[in-house]
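To start, the structure under review is shown below, and the notes come after it.
Any read-out appearing in this document is the output of simple, stated calculations on the displayed coordinates, not a laboratory observation. Everything numeric in this text was worked out from a predicted model, so none of it was measured. Note that we place each Cβ from the backbone using ideal geometry, even for glycine, and neighbour counts take in every protein chain shown.
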Amino acid sequence: TANGTYRNFLDLTDFEGDELRAILDTSRKIKSSRNGVHRGQGPLAGKVLAMIFEQPSTRTRISFDVGMRELGGETLMLTGAEMQLGRGETIADTAQVLSRFVDAIMIRILDHNDLRELAENATVPVINGLTKLSHPCQIMADLLTFEEHRGSIKGKSVAWTGDSNNVLASWIHAAPRFDFELRIATPGELAPPMDLIETARAKGGSIQVTTDPYEAVKGTDCVVTDCWVSMGDDDAESRHNLLSAYQVNKRLMAEANQDALFMHCLPAHRGEEVTSDVMDGPNSVVFDEAENRLHAQKGILAWCFGAA
Ligand code: CP
Ligand code: NVA
């Protein structure tokens with residue numbers, strides 16, 4: 001993960017040993033001490049983060065912006081359409097040019113190869129702000145949230161029900177690294193790629209895949225879901241038909257442990273993948289999860305800059 005003097009944050013699979021755990025510890029420490037809330041004198045004073053959003057965002061955009069400022073740095077908010085990227089300048093050339101101006105780049109872009117190309121050609125840290133394949137920053141916030149509420153996630157179980165998407169992929173990446181059991185329920189047509197599962201299992205991950213949401217959720221410590229139609233999906237109708245049986249509602253939550261947490265990366269579609277009674281119910285931690293995007297980003301930023 002270290003590339004010369006700077007470090008990328010592209011995927012949880014890129015990390016060895018206890019590095020991810022150390023980032024989470026930094027996030028927690030920064031959160032509890034409110035370290036770096038004074039602009040201009042924090043650990044990232046004088047640093048500029050460029051953010052490129054090729055897709056919409058509320059949480060990722062605002063948490064990176066506020067997080068960077070609270071650590072003393074500054075941000076630039078960009079979209080491909082506003083840059084020459086939108087007129088065909090290559091990702092590789094853009095990476096080289098941006099590296100002359102800014103100290104780090106965060107990008108949200110559907111094609112994971114574009115993220116990789118940016119990272120390969122930039123000489124400053126690059127952070128994955130979501131691609132079609134993964135969403136590692138989200139899972140760092142989710143782990144932080146689980147552990148704040150329930151202590152170490154090691155040996156606990158997490159059930160995912162619904163679509164197999166970028167957020168699930170990062171949960172799969174995290175399972176062997178953080179030693180929790182992951183139980184996945186998706187329709188057969190939308191099952192996670194077998195190589196993703198096999199790679200995580202080869203690293204020691206305990207991962208079960210089923211088509212039955214009740215089987216996945218039974219006796220679990222955490223129930224997670226996400227939207228049925230992700231950015232870039234164009235088959236909304238068939239997804240709704242396939243996924244309606246995977247809704248997280250009171251009946252499904254009743255199968256989980258009584259104190260099981262409910263998590264969702266948001267934005268949620270109430271009445272689709274989750275009912276309002278669950279989303280607003282006593283087991284739901286979705287807004288803590290959203291807040292923790294801020295604290296997780298700060299840990300990730302500090303790590304990328306070698307400031308933690
Ligand atoms: N969870 C998440 O990444 O939200 P945004 O799309 O609003 O950034
Ligand atoms: N799976 C969703 C996550 C949004 C934060 C998407 O890719 O649209």
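Considering only beta bridges that DSSP places wholly inside the chain, some 5 percent are antiparallel.
Treating r as the C-beta distance of Met83 and Ser152 and R0 as 45 Å, the FRET efficiency rounds to 0.55. As a rough guide to protection, the peptides 193-205, 158-170 ranked by mean Cβ packing within 10 Å, highest first, stand as 158-170, 193-205. Normalising the Debye intensity of the chain to I(0), with uniform scatterers on Cα atoms only, and taking log10 at q = 0.13 Å⁻¹ returns -0.91.
Rounded to whole Å, give me the distance from the Cα center of region 42-68 to that of region 273-308. Answer, in whole Å: 15.
Computed from point charges on the beta carbon alone (+1 for Lys and Arg, -1 for Asp and Glu), the dipole magnitude for the chain about its Cα centre is near 1060 Debye. Computed log10 I(q)/I(0) for region 240-308 at 0.12, 0.13, 0.14, 0.20 Å⁻¹: -0.43, -0.49, -0.54, -0.82, from the Debye equation with unit scatterers placed on every C-alpha and solvent omitted. Dipole size of region 138-290 about its Cα centre, with +1 on Lys/Arg Cβ and -1 on Asp/Glu Cβ: approximately 500 debye, rounded to the nearest 20. The alpha-carbon of Lys29 sits under 22 angstrom from the alpha-carbons of these lysines, leaving out residues fewer than 8 places away in its chain: Lys47, Lys154, Lys298.
Is region 83-128 rounded, prolate or oblate when judged by the Cα gyration tensor, a ≥ b ≥ c being the square roots of its eigenvalues, rounded requiring a/c under 1.5 and prolate requiring a/b larger than b/c? Here region 83-128 falls in the oblate category. Look at the dipole of region 42-121 built from charges on Cβ: of Ala104, Gly73, Ala119, the Cα furthest out on the positive end belongs to Gly73. So, R0 is 45 Å and r is the distance between the beta-carbons of Asp14 and Ala45; what FRET efficiency does that work out to, to 0.05? After rounding, the FRET efficiency stands at 0.95.
Over region 191-250, the alpha carbon radius of gyration divided by the compact-protein estimate 2.2 N^0.38 Å works out to 1.31. Spin-label point model (7 Å from Cα, Cβ direction): what's the Ser32 to Tyr214 distance in nm? About 4.2 nm separates the two model spin labels. The amide H of Thr75, built 1.01 Å from its N in the peptide plane, has Leu49 as neighbours under 5 Å, considering only residues 5 or more places off or on other chains. Among 277-290, 132-145, the peptide with the highest mean count of other Cβ atoms within 10 Å heads the list, and the full ranking is 132-145, 277-290.
Principal axis analysis of the Cα atoms in region 1-152 yields extents of 48, 34, 32 Å, listed in decreasing size.
In whole Å, how far is the Cα centre of region 132-164 from that of region 220-250? What the calculation gives is 17 Å, centre to centre. Sorting 12-21, 83-92, 256-265 by their mean Cβ neighbour count within 10 Å, with the most densely packed peptide first, gives 256-265, 12-21, 83-92. For region 138-290, the equivalent ellipsoid built from the Cα gyration tensor has semi-axes of 20, 19, 14 Å, listed from largest to smallest. Between amide H atoms placed 1.01 Å from N, distances below 5 Å from Trp228 occur with Glu273, all of them 5 or more places distant or on a separate chain.
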